[in-house]
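What follows is a short report on a single structure.
The values are calculated or read from the model by the stated rules, or taken from the named source; none is laboratory data. Bear in mind the structure is a predicted one, so any value in this text is a computation, not a measurement. Reconstructed Cβ throughout: ideal geometry from the backbone, glycine too, with neighbour counts over all protein chains shown.
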Amino acid sequence: MKLRKTMAAMALALGTVVAVSPAQAKDLKIGLVLSVSGPFAAYGKQISHGVDLYIAEHGDTVAGRKVKVIIRDDTGIAPAVAKRQAQELITKDHVDILAGFDLTPNAFSAAPLATEAKVPMVVMNAATSSVTEKSPNIVRVSMTLPQSSWAMAEWAYKNNIRKVYTLVADYGPGHDAERQFQKTFTALGGKVVGEVRTPVSTADYSPFLQRMKDAKPDAAFFFVPPGSSMVALLKQFRELGLDKAGIKELGTGDMTDEASLAAVGDAALGMITAFHYSQDHKSPENKKFVADYIKAYPNDRPNFMSVGGYDGMHVIYAALEKTKGDSSAAAFMKAVKGMKWVSPRGPVEIDPQTRDIIQNEYIRKLENVNGTLQNVEFDTFKNVKDPGK
């Protein structure tokens, strides 16, 4: 005890701070709010896979602090549940960092808690543009819908598509996708000949698709959440003969999410999408990520959500290394602003002004590659900031 006190006194006399005991480095608790059950359970599974894979590769200690991950189930689109879970993570589990948030309404509900408790909040998926504006303590590592919608509109007009009909899910990300696509496409000279917003969990799109067919657009622009609704929409598009009517299928990359392609089958072959990640992305970083993922989870395919979880942990680890273990919101947010790294998706950066992701948007075509459906990239818009801000 005398020696410890003497060391501390010497440190103060020298104007320095030293760690006098390893026991002082508290565990780094990360609270993940994810859809573990319910209709969006696949989202939570993919994000947690990415989180676990990063920890397995980089160790469970950062800046001398043992990493402990606590997962809480928000059950799907349930803002009240997500808020309660985030509150309990802060007040009962005393987490240092909130993370996860696969769905926009849930991220919105938890954002004020991050502000009040002065806790960093790392959003790993929720894609409505305004998410980062809900708290100064939010950083997003995933995407915004306006990024891919902007790229899709740019590509469409440059490739002689002049009339488009838009169909999106009726919630925040869908509104963002619709607004940005229409804004960009019409500014270039294109025409929106029809639009519709559908319930998030729609199972039968035939009435909407028939109206689309009657409007005779050059192309359809789609955004609905990955999962059963997405599968139903893509299958019914072909069943009702819209492809035979010459209507091209365009969309954000969610529409051909790798985790759902087995259920889609060949119903979306040839669809053109814009997105920041494809399992087929050609880079050394992605080659390693895919190989490690498939080895760890042989029954699943890596997708943009698993990359969101993986990159979210990269940001947490890199920030803690910069702050020497300080996880306070002030230190953490200062550390993440302007952060750059090479992700499995390609080069990325955290915009220092918006705390949002800057990344490449790739134009892809869904193809059968050696018996596996893949989003094959063939064009790139580099370093895309969120155009929604």
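Output the residue which, of all residues in the stretch 247-285 that are out of contact with any Pro (no Cβ under 9 Å at 6 or more places or on another chain) and assigned to a loop (DSSP other than H, G, I, E, B), is farthest from residue 216 (Cα to Cα).
282
Could you tell me whether the stretch 346-353 includes any residue that is modelled with pLDDT of 95 or more and more than 20 Å from the chain's Cα centre (by Cα)?
Within the stretch 346-353, not a single residue is modelled with pLDDT of 95 or more and more than 20 Å from the chain's Cα centre (by Cα).
Is it true that some residue in the stretch 377-388 is under 26 Å from residue 249 (Cα atoms), at pLDDT 95 or above and aromatic (Phe, Trp, Tyr)?
Taking the stretch 377-388 as the starting set, the residues that turn out to be under 26 Å from residue 249 (Cα atoms) are 377-388.
From what is left, the residues that are at pLDDT 95 or above are 377-387.
Cutting the leftovers down to aromatic (Phe, Trp, Tyr) gives us 378, 381.
Yes, some residue in the stretch 377-388 is under 26 Å from residue 249 (Cα atoms), at pLDDT 95 or above and aromatic (Phe, Trp, Tyr).
The conditions are (1) closer than 27 Å to residue 158 by Cβ; (2) without any contact (Cβ under 8 Å) to a residue 40 or more places away in the chain; (3) buried (at least 22 other Cβ atoms within 10 Å of the Cβ), and residue 205 fails exactly one of them. Which is it?
Single failed check for residue 205: (1).
Only one of these is touching a residue at least 40 places away in the same chain (Cβ under 8 Å), outside the structural domain of residue 158 (by TED's automatic domain parsing) and charged (D, E, K, R): 367, 321. Name it.
None of the others qualify; the one that does is 321.
Among what's in the stretch 269-327 and is of a type in the set (Asp, Glu) and in contact with a helix residue (DSSP H, G or I) (Cβ under 9 Å, 6 or more places away or on another chain), pick the residue that is farthest from residue 27 (Cα to Cα).
280
Tally up the residues in the stretch 158-172 that are closer than 18 Å to residue 248 by Cβ and either within 26 Å of the chain's Cα centre (by Cα) or buried (at least 18 other Cβ atoms within 10 Å of the Cβ) (or both), please.
Final tally of qualifying residues: 6.
Are any residues in the stretch 176-218 farther than 24 Å from residue 264 by Cβ, β-branched (Val, Ile, Thr) and assigned to a strand (DSSP E or B), and if so, which ones?
Those that are farther than 24 Å from residue 264 by Cβ, β-branched (Val, Ile, Thr) and assigned to a strand (DSSP E or B): 192, 193.
Does the stretch 59-76 contain at least one residue that is among the acidic types (Asp, Glu) and buried (at least 22 other Cβ atoms within 10 Å of the Cβ)?
For the stretch 59-76, residues among the acidic types (Asp, Glu) and buried (at least 22 other Cβ atoms within 10 Å of the Cβ): present.
Report yes if residue 291 is crowded, with 20+ Cβ neighbours inside 10 Å and over 20 Å from the mean Cα position of the chain (by Cα), otherwise no.
On the way: crowded, with 20+ Cβ neighbours inside 10 Å: no; over 20 Å from the mean Cα position of the chain (by Cα): yes.
It is false that residue 291 is crowded, with 20+ Cβ neighbours inside 10 Å and over 20 Å from the mean Cα position of the chain (by Cα).
Do you know which residues across the stretch 300-326 are hydrophobic (A, V, I, L, M, F, W, C) and crowded, with 19+ Cβ neighbours inside 10 Å?
Within the stretch 300-326, 304, 305, 307, 313, 315, 316, 319, 320 qualify.
Report yes if some residue within the stretch 219-238 is within 25 Å of residue 41 (Cα to Cα), of a type in the set (D, E, K, R), out of contact with any strand residue (DSSP E or B) (no Cβ under 9 Å at 6 or more places or on another chain) and in a helix (DSSP H, G or I); otherwise report no. Show your work before the answer.
From the stretch 219-238, those within 25 Å of residue 41 (Cα to Cα) are 222-236; that's our starting set.
If we keep only those that are of a type in the set (D, E, K, R) as well, we get 235.
Among the residues that remain, those that are also out of contact with any strand residue (DSSP E or B) (no Cβ under 9 Å at 6 or more places or on another chain) are: 235.
Okay, now just the ones that are also in a helix (DSSP H, G or I), so 235.
The answer is yes; a qualifying residue exists.
Can we say residue 91 is surrounded by fewer than 16 Cβ atoms within 10 Å (Cβ to Cβ), at pLDDT 95 or above and of a type in the set (S, T, N, Q)?
Spelling it out, residue 91 is indeed surrounded by fewer than 16 Cβ atoms within 10 Å (Cβ to Cβ), at pLDDT 95 or above and of a type in the set (S, T, N, Q).
Do you know which residues across the stretch 26-51 are among the aliphatic types (A, V, I, L, M) and either surrounded by 24 or more Cβ atoms within 10 Å (Cβ to Cβ) or outside the structural domain of residue 122 (by TED's automatic domain parsing) (or both)?
30, 32, 33, 34, 47, 51
Examine the stretch 138-145 for a residue that is in a helix (DSSP H, G or I), within 22 Å of the chain's Cα centre (by Cα) and either under 22 Å from residue 359 (Cα atoms) or without any contact (Cβ under 8 Å) to a residue 12 or more places away in the chain (or both), and state whether such a residue exists.
So far as the stretch 138-145 goes, yes, one or more of its residues are in a helix (DSSP H, G or I), within 22 Å of the chain's Cα centre (by Cα) and either under 22 Å from residue 359 (Cα atoms) or without any contact (Cβ under 8 Å) to a residue 12 or more places away in the chain (or both).
Tally time: how many residues in the stretch 125-137 are in contact with a helix residue (DSSP H, G or I) (Cβ under 6 Å, 6 or more places away or on another chain), part of a loop (DSSP other than H, G, I, E, B) and within 22 Å of residue 91 (Cβ to Cβ)?
The total comes to 2.
Scan the stretch 86-106 and give yes if some residue there is aromatic (Phe, Trp, Tyr), in a helix (DSSP H, G or I) and outside the structural domain of residue 176 (by TED's automatic domain parsing), otherwise no.
no
Restricting the search to the stretch 294-314, which residues are assigned to a helix (DSSP H, G or I) and over 18 Å from residue 70 (Cβ atoms)?
Residues satisfying the conditions are 294, 295, 296, 304, 305, 306, 307, 308, 310, 311, 314.
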